[in-house]
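Inspection log for the structure reproduced underneath, given as structure tokens.
The values are calculated or read from the model by the stated rules, or taken from the named source; none is laboratory data. Since the structure is predicted, the reported quantities are computational estimates derived from the model, not experimental observations. Here the Cβ positions follow ideal geometry from the backbone for every residue, glycine too, while neighbour counts run over all protein chains shown.
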Amino acid sequence: MIVVLPSILINSSLSNISLRIRLYIRFIRQYDEEISSILSDMHELVDKNENTDIVKQIHLIESFKGAGFLSAVSLMSEIGDFSAFKSPKQLFAYFGLDPAVKQSGKFEGTKVSMSKRGSQIARRVIHTMAIVSIGRNKDGSAKNPVLRDYYLKKCESKPKMIALGAVMHKVCNIVFAILRDEREFQIITPEEHQKNYLNPLIPDIQPTYQNPKTILK
């Protein structure tokens, strides 16, 4: 049995749908205006406090390709006083990136996942930074060749989400190093990193062997 609706009902239904769509569009535009206003206020607040430690740290995080202004501000707002963190592991735990194994009574699971106990906002920022880092530029080049290669190698033996989690840990390590050393981020290969790490030790060793007679005494 085929029921034919009167044209007046169809037109009324279409009119209601059209009205709702226009209403949603107006809401979206209002939200966009409010968000733009808030971002403008945030930029103004940061510009007025350029000499403070937290603003300097915001700019340091912005130097990481994959962290925009909002990501840097959100991350530092969640971190607060960075001096409270003595190691990357403490930052992992604060962000909820530390591993957790499900336990119940005498049962102990074997699958390890993120604890997700810490700051959800900070975790989202780190996740976004990791996603951007393993991506490509418009010309096809890797945005962060080191992290992208690391991710692809992980994907050879691990599921993609596990590989991405490993990249998130790397990003967290980088954030910690940037804030600890108070230096802007630079992409270097693991080999270059090892060379830079070992070089400062050489001047301390060389004087010991400059004068063998001194050593024998």
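So here's what we get for this one:
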{"read-out": "Condition met for Arg136 (more than 27 Å from Met76 (Cβ to Cβ) and modelled with pLDDT of 85 or more)", "value": "yes"}
{"read-out": "Lone qualifier among Ile131, Ile121 - being at pLDDT 65 or above and either outside the structural domain of Ser63 (by TED's automatic domain parsing) or closer than 14 Å to Ser74 by Cβ (or both)", "value": "Ile121"}
{"read-out": "Meets criteria (in contact (Cβ under 8 Å) with a residue 40 or more places away in the chain and more than 23 Å from Val132 (Cβ to Cβ)) for Phe27", "value": "no"}
{"read-out": "Extreme residue, surrounded by the fewest Cβ atoms within 10 Å (Cβ to Cβ), among residues of segment 40-63 that are outside any helix (DSSP H, G or I) and free of Cβ contacts under 8 Å to residues at least 40 places away in the same chain", "value": "Asn51"}
{"read-out": "Cβ-Cβ under 7 Å pairs, at least 6 apart or on other chains, segment 81-109 side within 14 Å of Asn173 (Cβ to Cβ) and outside any helix (DSSP H, G or I), far side modelled with pLDDT under 85 and not charged (D, E, K, R)", "value": "Leu97/Met114; Asp98/Ser115"}
